[in-house]
1. Quick one: plug the Kirkwood hydrodynamic radius of the range 140-262 (C-alpha pairs) into Stokes-Einstein at 25 °C, 0.890 mPa s, and report D in µm²/s.
2. Could you sort ARG281, ARG318, ARG347 by accessible area so the largest value comes first, with the probe set to 1.4 Å?
3. On alpha carbon coordinates alone, what is the Rg over Rh value for the range 259-414, Rh being the Kirkwood radius?
4. What does a probe at ALA410 reach in the range 317-336, counting residues whose amide N is under 16 Å from the point 7 Å along Cα→Cβ?
5. Determine the share of the chain's accessible area contributed by carbon and sulfur atoms, expressed in whole percent, with a 1.4 angstrom probe.
6. For LEU115 and ASP196, compute 0.36 nm times the residue count separating them, minus their Cα-Cα distance, and round to one decimal in nm.
7. For THR277, what charge total do you get from the other residues with a beta carbon under 13 Å from its beta carbon, if Lys and Arg give +1 and Asp and Glu give -1?
8. Could you sort PHE396, PHE364 by accessible area so the largest value comes first, with the probe set to 1.4 Å?
Amino acid sequence: MSQRVGVVCRWGMTTQHQGAARPDRVRPRHRVVVLGAGYAGLLAAKRLAARVFTDEVEVTLVNASAAFVERPRLHQVATGQPIPAVELGALLAGTGVRLVVGTVTDLDLGARTVLARADGTTRRLGYDTLIYALGSQIDPDQVPGVLEHAHVLNDVAAADRLAKRLKAAGGSRVVVCGGGLTGIEVAAEIAESHPDLRVALVSADRPGGWLSLPAQRYLDRVMGQLGITVRAGTRVASVENDHMILEDGERAAADICVWAGGFSVPDLATRAGLEVTSGGRAVVDGSMRSRSHPEVYAIGDAAAISGSWGSELAMGCRTGGATGPKVADVVAAVLTGRPPAGSMRYRYVHECISLGRRRGLVQFLHADETPRDRILTGRVAMLYKNATLRGALLLFAWPGPYVAPRRHLAAAAR
Ligand SMILES: Cc1cc2nc3c(=O)[nH]c(=O)nc-3n(C[C@H](O)[C@H](O)[C@H](O)COP(=O)(O)OP(=O)(O)OC[C@H]3O[C@@H](n4cnc5c(N)ncnc54)[C@H](O)[C@@H]3O)c2cc1C
């Protein structure tokens, strides 16, 4: 039934794919636009394109950059360890997914259009179904001075800038702010790669305080071995050029400040009038459908998806990796008139933390993300974490674990 056809992308690139059913059809296609090509959006777009006929359903993926950014490895880039670039064009070749590289500046939920800006021009994209997967970023607005004086690892360019600065900073005091997973990983990576630097980790809470006791003990030991000074119970009030002001008024020296004080989500959904939580994540039901706009789905860090235990799934690659394929199945079922794909049922398994390149810490979790006593440490844990990240990239080569056959668009979705 299926045969090879070419899809001419608007910017002139042609990709070959196998998902066309009837090349002579002239009916307008159902337009699915996926915003964001992180773990969530990329997996959603690829899997959906594999479940429908692309002359009936047009799947467009919009992303700010032409490459996939492996955010969990940005601290490696920041310490001068290049990571391979993963071009989205290569990942999408042969899938029929149309890639638009541009920054989404506006979303009009009434008109069902998206504005994307690239190279000084703005493109308007219409949609019938929208999958919102714009992810998150390290929030630079939590205290004054971060944007001007701190390094914030939100993209490869920022990580490169920090790498150059650290290389030339022999003997300097580097202060990493934030005792969550990102801050711990960044501090450990810097301390291991640059033993000549004095690294401190400043945190409002105990770094890794959510881990099991054995994991906390291991973390403390490694931080000590790496020479990281930990200041827990300390809040930063502002960041200045070569120091920071703490909440109690103390002036703390910091030749280089790296900010890792928590993630926030883009404000696009809020500005557009989509129902969002107080933190700006899109409010969705169990099938990741927006509570306020049923033609919109939201996944990954950008969505507030409830676990069966009641609270929102944490931001992380795992959330994107699980919700991307699932939303593709949900949307495919709706478009092809199949029985509903069922609600998202997520169970946590582990939290993988790198502590430099020689050691890691794997905290095994109960389904609701509370820690078990079981942990992996040292080199084995590092290898485990690397395998997990590589596994995620491998998943990009396929549309997902099991993909049901392509089906035709149901009359209701035309
Ligand atoms: C240093 C660091 C270490 C981390 N380590 C881990 C870890 O060990 N484990 C873990 O689970 N998580 C880790 N994370 C978090 C993890 O990377 C994110 O939670 C995950 O990437 C979220 O996936 P996502 O697909 O929802 O969004 P993202 O990966 O954020 O992808 C969103 C995509 O949308 C694009 N985008 C955003 N806004 C726009 C716009 N306006 N227009 C066009 N495109 C846009 C972005 O460019 C991006 O490609 C780490 C993060 C950092 C920074």
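The values are calculated or read from the model by the stated rules, or taken from the named source; none is laboratory data. These numbers come from a predicted model, not from an experiment. Because the Cβ atoms are built from the backbone with ideal geometry, glycine has one as well, and the counts that use them run over all protein chains shown. Keep in mind that these areas ignore ligands, DNA and RNA; they rest on the heavy atoms of the full protein, side chains included. Shrake-Rupley method; radii C 1.70, N 1.55, O 1.52, S 1.80 Å.
1. So the translational diffusion coefficient is about 171 µm²/s.
2. Heavy-atom accessible area, descending, gives ARG347, ARG318, ARG281.
3. 1.02
4. Flagged as within label range: 328-336.
5. Values: 9300 of 18070 Å².
The value for the chain is 51 percent carbon and sulfur by accessible area.
6. 24.4 nm
7. -2
8. My answer, sorted largest first, is PHE364, PHE396.
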